[in-house]
1. Considering segment 331-349 alone, what residues qualify as being under 14 Å from residue 266 (Cβ atoms) and in contact with a strand residue (DSSP E or B) (Cβ under 8 Å, 6 or more places away or on another chain)?
2. Can you run down the residue pairs with Cβ atoms below 9 Å, 6 or more apart or on separate chains, where the first is in segment 433-448 and within 15 Å of residue 562 (Cβ to Cβ) and the partner is among the aromatic types (Phe, Trp, Tyr) and assigned to a helix (DSSP H, G or I)?
3. Say we look at segment 483-520 and pick out the residues that are under 23 Å from residue 455 (Cβ atoms) and surrounded by fewer than 21 Cβ atoms within 10 Å (Cβ to Cβ); which of these is modelled with the lowest pLDDT?
4. Report whether or not residue 389 is within 21 Å of the chain's Cα centre (by Cα), of a type in the set (A, V, I, L, M), at pLDDT below 90 and in the same structural domain as residue 533 (by TED's automatic domain parsing).
5. Can you name the number of the only condition in (1) surrounded by fewer than 16 Cβ atoms within 10 Å (Cβ to Cβ); (2) touching a helix residue (DSSP H, G or I) at 6+ places or on another chain (Cβ under 6 Å) that residue 50 fails?
6. Residues in segment 436-456: is at least one of a type outside the set (D, E, K, R), assigned to a helix (DSSP H, G or I), at pLDDT 90 or above and closer than 30 Å to residue 502 by Cβ?
7. Given the criterion among the hydrophobic types (A, V, I, L, M, F, W, C), closer than 23 Å to residue 190 by Cβ, surrounded by 23 or more Cβ atoms within 10 Å (Cβ to Cβ) and touching a Gly at 6+ places or on another chain (Cβ under 9 Å), identify the matching residue among 106, 150.
8. Residues to consider are 490, 480, 502; find the one that is over 24 Å from residue 197 (Cα atoms) and in contact with an Asp or Glu (Cβ under 9 Å, 6 or more places away or on another chain).
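The values are calculated or read from the model by the stated rules, or taken from the named source; none is laboratory data. Keep in mind that this is a model prediction, so the values were computed, not measured. In this analysis, Cβ positions are derived from the backbone assuming ideal geometry, glycine residues included, and neighbour counts consider all displayed protein chains.
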Amino acid sequence: MALGRLSALAASFLLIAGCASQAPQAPENMRLTVLHVNDHHSNLAPKQRQLSWGGQQWQVESGGFPRVAAQIDQLRAQNEQVLTLHAGDAITGSLFFTLFGSEPDAVMMNQVCFDAFTLGNHEFDKGDEGLKTFLDQLGTPACDTAKLSANVKPELGVSALTPSSMTDSFRPYTVFERGGHRIGVVGLTIATKTKKSSQPDETTQFEDELVAARRAISQLQAQGVEKIILLSHIQYQRDLALIPQLPAVDVVIGGDSHTLLGDFSEFGMQGEGAYPTVLTNADGETVCLAHAYQYSQVVGELQVDFRGDQVASCGGRPHFLLGNEITPVEGAVTTLKPIKTALQNSGVFSFVEPDPGVQRLLDNYQHQVDEFSGEVLAQVPETICNQEIDLPRRPGCSDVLSSAAHRLTAQAFLHAVPDADFALQNGGSIRGDIEAGEFTRGDAFSLLPFANTLVKIEISGSELKQVMEEGLAYAVSDGGSTRAYPYGAGIRYDVNLTENFGDRVANLQVWDKDSASWQPVRPRDTYIVVTNSFIGGGQDGYETFHSLSERGRTTNTGIDYAEAMANYAKAQGVLTRPSDYATQSYVPLPKKVNN
């Protein structure tokens with residue numbers, strides 16, 4: 001009997017082994033195509049862009065979500081194993097969001113059908129409740145977009161994002177199967193910047209990015225998943241620093257820094273690095289890093305060849321999306337064939353017709369945007385540029401130390417709140433230039449696209465000095481934002497970022513209306529500052545503003561900051577470049593040298 005049972009057991013084992021050997025095996029090698037975008041910021045419509053080529057300037061329409069959808073559909077059809085990813089900051093930044101909230105972005109993204117989306121800092125601009133609304137809109141029964149972040153920690157039972165469990169609205173990571181291979185995708189959100197430069201609930205916490213990424217990777221490995229993608233909204237330079245500290249990661253698809261990768265130099269544009277950028281992780285293995293610029297302009301096509309569970313090679317290209325109509329800015333040409341051929345052969349530009357169905361959906365919103373924004377408020381003789389103080393001066397802009405657009409909008413704040421002594425605002429409060437030509441109501445709301453009102457704050461001279469130091473400290477901190485830098489009207493100062501905290505601001509002065517002269521700020525005197533409600537609430541590092549609000553020294557005027565700009569433009573009739581600026585002198589931090 002024992003021998004018979006042993007024989008039967010052996011036969012069964014052989015049968016099972018035979019079945020296992022006949023089961024289809026995933027091929028050891030595979031090519032994965034990752035299609036990706038980031039930081040579209042509610043910029044759903046195309047833009048007009050100038051390119052330099054052949055000694056002259058050319059005008060062309062670029063980008064827009066209907067082109068994004070068409071390009072992704074085309075690339076999906078051309079490749080076998082595909083993941084489609086969005087690296088965050090989908091919402092806020094255009095009139096589509098101002099008028100309709102996150103609905104148009106979700107509608108457009110559902111048409112593309114992203115496999116996964118990571119939370120960006122601007123997803124929190126309307127608090128946890130606003131993010132919950134967007135995440136509920138994102139995805140359909142036919143398109144189950146995974147919403148990810150491994151380091152965002154809303155308070156359970158308190159935040160709208162986590163009413164009953166920590167995965168009610170998003171997860172740390174997800175796993176896809178492509179060609180018999182399991183691929184883990186981990187979401188990551190920039191921590192300090194989101195907490196201090198957006199509007200998450202007070203109880204929502206943001207874990208250190210490296211700690212959270214290592215934990216998620218370890219959990220994936222424990223499940224036998226060894227092909228790992230980090231969907232990272234933490235900035236390109238911080239990706240470069242993070243990757244060598246992470247084990248097992250194979251691919252990083254990034255966002256937040258609006259980084260253009262690829263060689264665009266032939267056409268008067270400057271990329272910040274190679275597409276893809278190739279690095280090694282903590283195990284000494286190859287990692288492919290890719291970003292896709294901003295504002296629905298670029299679709300990244302990353303080609304990753306795996307040999308087993310390791311990256312054998314990184315390839316692919318960016319697709320900067322262009323319309324077919326190209327015109328010279330000045331003069332005439334007999335044929336457009338040379339420039340079109342150059343663009344087609346560039347390896348970075350692609351001519352794309354918008355997807356008709358997505359275009360029809362966008363048109364439904366665009367008609368209402370056009371109706372709202374059409375009123376002409378002022379004339380602009382020459383472009384008034386947004387060129388933040390830490391960035392190179394741009395051709396066609398005034399050759400000044402500071403930003404003309406920031407200075408003008410600060411003046412608009414003073415116009416709206418005439419009892420204020422001076423105005424302050426952060427660099428990130430405005431987006432774009434004030435273009436030459438007609439300035440419309442829509443331009444005002446596009447320039448100042450966020451949900452901010454004007455607040456008046458009663459502040460002493462010593463508290464003002466502290467506020468300025470706080471903004472500068474956050475502007476230069478790791479994980480902070482250079483867009484925290486203070487710009488103003490009715491105030492002026494010198495800045496030296498090589499000094500320590502407390503000594504970076506000098507010669508702080510305020511315009512005295514009675515004597516019509518600049519007067520030094522006195523520590524014990526009291527002043528009234530007008531600013532936007534974002535930094536007035538303590539964001540971007542302006543913590544003293546928050547404490548003054550807590551002590552009842554802040555008044556919310558209820559004036560929308562974009563409406564203040566619109567009213568100022570209408571009152572002026574003509575908007576001209578300012579002749580004086582708040583920053584009188586500026587010493588930056590030494591440039592970091594990458595080895």
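1. Within segment 331-349, 339, 340, 342, 343, 344, 347, 348, 349 meet the criteria.
2. That search, which allows pairs on different chains as well, returns 441/372; 442/372; 444/568; 445/372; 448/561.
3. Across segment 483-520, the extreme among qualifying residues is 483.
4. So residue 389 passes the test.
5. So the condition that residue 50 fails would be (2).
6. Scanning segment 436-456 turns up no residue that is of a type outside the set (D, E, K, R), assigned to a helix (DSSP H, G or I), at pLDDT 90 or above and closer than 30 Å to residue 502 by Cβ.
7. Criteria check complete, one pass: 150.
8. Answer to the check: 490.
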